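Undergrad: One structure follows; several queries about it will come next.
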Amino acid sequence: MRKIITHICSVIVLLTLVGLQQGFAQKIFAVNYASQADVKVFVANYASQADLKVFKVSYASQAGRNDGRWFFVDYASQADVKVFFVNYASQADVVIHYVNYASQAGWNNTSKRRFFD
């Protein structure tokens, strides 16, 4: 009987952790004006120039927790972070580079991580 209770408790803890992980997805909305943004972003041509390497995921459930896997939402109210894309790196809070694989996503400059927390 004790083993069954222990197993049930383990399953409950596991389900809670999975639910929390999905609740913290990095959902992004691109705004039209800098004044509406939480973060100003510049897209670099090379990964070595970027603070963050970003992989665009197809579904919100695939998005990460501040690890570079972004899901773009349709409405600002759905977003965790609102970004404005600037024309020059000097205008940006964070420089990003889009990568082709989820495994390539991540921070090059962890000091900028605070912008997406």
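Read the figures in this text as sums done on the coordinates, not as results from a lab. Remember, predicted model here, so these are calculated numbers, not experimental data. Neighbour counts are summed over all protein chains in view; Cβ atoms, including those assigned to glycine, are modelled from backbone coordinates with ideal geometry.
Undergrad: Quick one, what does Rg over Rh come out to for segment 74-116 if you take C-alpha atoms and the Kirkwood Rh?
TA: 0.98
Undergrad: In the neighborhood of A102, defined by Cβ-to-Cβ distances under 14 Å, what is the net charge if each Lys or Arg adds +1 and each Asp or Glu adds -1?
TA: So the environment of A102 carries a net charge of +3.
Undergrad: Still on this structure, I have one more. Could you give the nm distance between label points at S77 and N32, where each point is 7 Å from its Cα heading toward the beta carbon?
TA: Going by the 7 Å Cα→Cβ label model, 1.8 nm.
Undergrad: If you plug each phi of segment 96-101 into the Karplus form 6.51 cos²θ - 1.76 cosθ + 1.60 with θ = phi - 60°, what whole-Hz ³J(HN,Hα) values come out, in order, with x for Gly and Pro?
TA: 10, 9, 7, 10, 8, 9
Undergrad: If one puts a single equal scatterer on every Cα of segment 26-116 and applies the Debye formula without solvent, what log₁₀ I(q)/I(0) results at q = 0.23 Å⁻¹?
TA: Listed by q, the Debye log ratios stand at -1.21.
Undergrad: While we're looking at this one, here's another question. Output wanted: per-residue J couplings in Hz (rounded whole) for segment 41-57, from phi through Karplus 6.51 cos²θ - 1.76 cosθ + 1.60, θ = phi - 60°, x for Gly and Pro.
TA: These are the phi-based 3J(HN,Hα) values: 10, 10, 9, 8, 7, 10, 4, 5, 8, 8, 7, 9, 9, 10, 10, 7, 8 Hz.
Undergrad: Now for a different question. Let me check I've understood the local charge: for D93, count other residues with C-beta under 15 angstrom from its C-beta, Lys and Arg +1, Asp and Glu -1. What total comes out?
TA: +2
Undergrad: For a quick protection proxy, order the peptides 42-48, 95-101, 30-36, 63-69 by their average other-Cβ count within 10 Å, most packed first.
TA: 63-69, 95-101, 42-48, 30-36
Undergrad: Where a Cα-Cα gap under 28 Å defines reach, which lysines qualify for K27, not counting those fewer than 8 residues away within the same chain?
TA: Leaving aside lysines fewer than 8 places away in the same chain, those within reach of K27 are K40, K53, K56, K82, K112.
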